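Throughout, read-outs are computed from the coordinates displayed, never taken from laboratory work. Predicted model, so just to flag it, every value in this text is computed and none were measured.
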Amino acid sequence: MSDLKVNKNDIADLEKSDREEGAGLTAAQYRQKMQRRKEVQAQRVAERSLEKGLIIVHTGNGKGKTTAALGMVLRSLGHGYRVAIVQFIKGAWEPAEKAAFAPWGEQIEFHALGEGFTWETQDRERDVQKAQEAWAMALNLIRNPAVRLVLLDEVNIALKHGFLSVAQVLAGLEEKPEDTHVILTGRGAPAELIDRADLVTEMTLIKHPFREQGVKAQAGIEF
């Protein structure tokens, strides 16, 4: 590490210069810039040594909320962790994800407990019942210290429609072991959940072929 002092102004300057992609710099200036960047990054890493189980929310109107969560599932499996998935809405059909994760055997639990979207079921009382059953399953998994990551897929939709209460979900999250990660997906995540979460990502819809081009849902992309 050189004697170059690293502070918040350095970080701001570097972020600005990164956007400029080093335009107009000589080779020596670019090397100096990258050395400075390396020092800032090293300091950032050194200052962040805490590990904890995270509450993660994927929300927004854009596509990719579940897909991003499944990427974390795959990563956790690759590290040898036990993982569980509970699908709150999408269980009306056999999801391709369940087949894809089958080779992992007992390292992963996959529970598709919904019966489809509200316009398909048309039975609010049963929707509430199925959501509560899914939550009971999810809560057992969240409490289990042997399960490192729990994905609650489309639980935000169940919250949005009032099939679950925000209070019961927040209370359940407080019961998770310290090292357990919980991911909650679905558009319309309530403000209280967002406030409680450690990591929140909002997917923004810019274009969608279903809406603009009349392209139907396709295997491998939507399901």
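When the listed pairs 160/216; 65/98; 65/207; 65/160; 63/216; 130/160 are checked against a 19 Å cut-off, the alpha-carbon distance exceeds it for 160/216. One quarter of the surface of the convex hull around the alpha-carbon atoms of segment 55-212 equals 9.2 nm², the direction-averaged projected area. For the pair residue 168 and residue 218 in one chain, pulling the backbone fully straight at 0.36 nm per residue adds 14.5 nm over the alpha carbon distance. Size descriptors for segment 173-223: radius of gyration and Dmax over Cα atoms are 16.0, 46 Å. Annotation: Cα Rg of segment 123-188 relative to the compact-globule expectation 2.2 N^0.38 Å equals 1.08.
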